[in-house]
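Visitor: Sharing a structure, written as structure tokens. Questions coming.
The values are calculated or read from the model by the stated rules, or taken from the named source; none is laboratory data. All values derive from a computational prediction rather than experimental measurement. Note that we place each Cβ from the backbone using ideal geometry, even for glycine, and neighbour counts take in every protein chain shown. Areas reflect the complete protein model, heavy atoms only, side chains present, ligands, DNA and RNA absent. Shrake-Rupley method; radii C 1.70, N 1.55, O 1.52, S 1.80 Å.
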Amino acid sequence: MPSPPTYAAALRDAIADVTHGIAPQQLAAATEALIGRYRSVAPAGPPILDSADRVAAYAAYRMPATHAALSRVLGTVAETGLAPTSLLDLGGGTGAAAWAAAETFTSLRTITVLDQVEEALRLGRRLVESAPVEALRTARFERAAEGSWPQGSADLVTVSYVLSELTADQQGRLVADAMALGQAVAIVEPGTPDGYQRILKARNGIRDAGWQLLGPCPHDLECPLSAGDWCHFAARVNRSAEHRRIKGGELSYEDEKFGWVAGARPGVVAGQAISGRVLRHPLKRKGFVEFQVCRPDGTAGREVISRKQGERYRRARDAEWGDELP
Ligand SMILES: C[S@@+](CC[C@H](N)C(=O)[O-])C[C@H]1O[C@@H](n2cnc3c(N)ncnc32)[C@H](O)[C@@H]1O
């Protein structure tokens, strides 16, 4: 029997359906404009997703990647035992976090996506029409802007790829609002040095408020990475033929680099120590695996697991960048 399609495949199909009628050149031109705009790290000012074409281009060329990053992040968060019944996605655009959360957390019953751009919300609503689960099919996509989110609360609040579009003041306010609205928060940014700086600031704010860090850090001490280094991870994204056409690449996949942090109010999940976080692709050699890790004692460095370590070595062979150190 063929295995059931994953949500990534269902999302790809839904995106292909909604972009079907748009001329490839039109989508490619809108994608080019978006790529140019996202390369700039200046706050957005007027919305970047300012037309139906740009929103469609975002869905076709960026959403599979942001969805892959979120799936990785929320999968790690789920390992802490968090089981939210409600999700609020601030700056949720076309709903990538909603798709990732609905697959990761079968506990979810209500999903609300808030964004300033009606066109993005409209496309998000169309995408979930064919979604594999009820919680996603009934997700609400509502218009709201940073600084005036509607009152409410949720077990989990996501903020994904939004901080980079905001001024420093807005970024601080958005993280504070996410924490005020949620029992837990997950924040994702591009895996770049400046994305790391925004994540670090959010991480220290979450920690200093007395919340529990759910990841990726295995400790709540100062970040041990040396100057010039930055904490980031990678998620593999399968490219559809259309994605390759509009983005002009030959490879059938790409690696989306991202940084993230998640935290929860005290007592929301049982405290659970991890043995370390793998910070790079492990080097898998004959007879040993070498890792760069962040350790629970607040240091970062090299760990080697050799064949002599039996079962631990077998788990080390399977470990990936971003996993817990076996
Ligand atoms: C790069 S997109 C990310 C969309 C989605 N979160 C994802 O991960 O695919 C940034 C989103 O943030 C939204 N956004 C930016 N500034 C905002 C603001 N001031 N208020 C509300 N939404 C905002 C944009 O409209 C856009 O949908």
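Visitor: Give the residues of region 156-172 that are open to solvent by 50 Å² or more (accessible area, probe 1.4 Å), touching a residue at least 24 places away in the same chain (Cβ under 8 Å) and either more than 10 Å from the ligand (Cβ to nearest atom) or not in a helix (DSSP H, G or I) (or both), sorted by residue number. Working first, answer last.
Guide: Start the filter on region 156-172 by keeping residues that are open to solvent by 50 Å² or more (accessible area, probe 1.4 Å), which leaves 167-170.
Cutting the leftovers down to touching a residue at least 24 places away in the same chain (Cβ under 8 Å) gives us 167, 170.
Once the filter is applied, which keeps residues that are open to solvent by 50 Å² or more (accessible area, probe 1.4 Å), touching a residue at least 24 places away in the same chain (Cβ under 8 Å) and either more than 10 Å from the ligand (Cβ to nearest atom) or not in a helix (DSSP H, G or I) (or both), region 156-172 yields only Thr167.
Visitor: For region 215-227, state whether one or more residues are open to solvent by less than 20 Å² (accessible area, probe 1.4 Å), of a type in the set (A, V, I, L, M, F, W, C) and either closer than 29 Å to Leu11 by Cα or away from the ligand (no atom under 16 Å from the Cβ) (or both). I'd like the intermediate steps shown before the answer.
Guide: Quick first cut of region 215-227, residues open to solvent by less than 20 Å² (accessible area, probe 1.4 Å) only: 215-216, 219.
Of the ones still in play, those that are also of a type in the set (A, V, I, L, M, F, W, C) are none.
No, every residue in region 215-227 fails to be open to solvent by less than 20 Å² (accessible area, probe 1.4 Å), of a type in the set (A, V, I, L, M, F, W, C) and either closer than 29 Å to Leu11 by Cα or away from the ligand (no atom under 16 Å from the Cβ) (or both).
Visitor: Quick one: how many residues across region 60-88 are more than 9 Å from the ligand (Cβ to nearest atom) and either open to solvent by 10 Å² or more (accessible area, probe 1.4 Å) or over 23 Å from Leu214 (Cα atoms) (or both)?
Guide: Final tally of qualifying residues: 17.
Visitor: Now for a different question. With (1) within 15 Å of the ligand (Cβ to nearest atom); (2) over 18 Å from Leu70 (Cβ atoms); (3) surrounded by 14 or more Cβ atoms within 10 Å (Cβ to Cβ); (4) among the small types (Gly, Ala, Ser) as the list, and Ala176 as the residue in question, which single condition is left unmet?
Guide: (3)
Visitor: For region 134-155, give me each residue that is in contact with a helix residue (DSSP H, G or I) (Cβ under 9 Å, 6 or more places away or on another chain), within 13 Å of the ligand (Cβ to nearest atom) and hydrophobic (A, V, I, L, M, F, W, C).
Guide: Result: Phe141, Trp149.
Visitor: Counting only residues that are open to solvent by less than 10 Å² (accessible area, probe 1.4 Å), of a type in the set (Val, Ile, Thr) and not in a helix (DSSP H, G or I), how many does region 113-146 have?
Guide: The number of residues fulfilling the criteria is 1.
Visitor: Tell me which residues, restricted to region 89-111, are in a strand (DSSP E or B) and either within 9 Å of the ligand (Cβ to nearest atom) or open to solvent by less than 20 Å² (accessible area, probe 1.4 Å) (or both).
Guide: Looking only at region 89-111, we keep the residues that are in a strand (DSSP E or B), and these are 89-90, 110-111.
Across region 89-111, the qualifying residues are Asp89, Leu90, Ile111.
Visitor: For the structure I just gave you, tell me whether Leu283 is surrounded by fewer than 19 Cβ atoms within 10 Å (Cβ to Cβ), assigned by TED's automatic domain parsing to the domain that holds Gly182 and within 21 Å of Asp323 (Cβ to Cβ).
Guide: Details: surrounded by fewer than 19 Cβ atoms within 10 Å (Cβ to Cβ): yes; assigned by TED's automatic domain parsing to the domain that holds Gly182: no; within 21 Å of Asp323 (Cβ to Cβ): yes.
Answer is no for this residue.
Visitor: Is it the case that Arg245 is in a helix (DSSP H, G or I), in contact with a strand residue (DSSP E or B) (Cβ under 6 Å, 6 or more places away or on another chain) and either at pLDDT below 95 or among the basic types (Lys, Arg) (or both)?
Guide: Criteria not met by Arg245.
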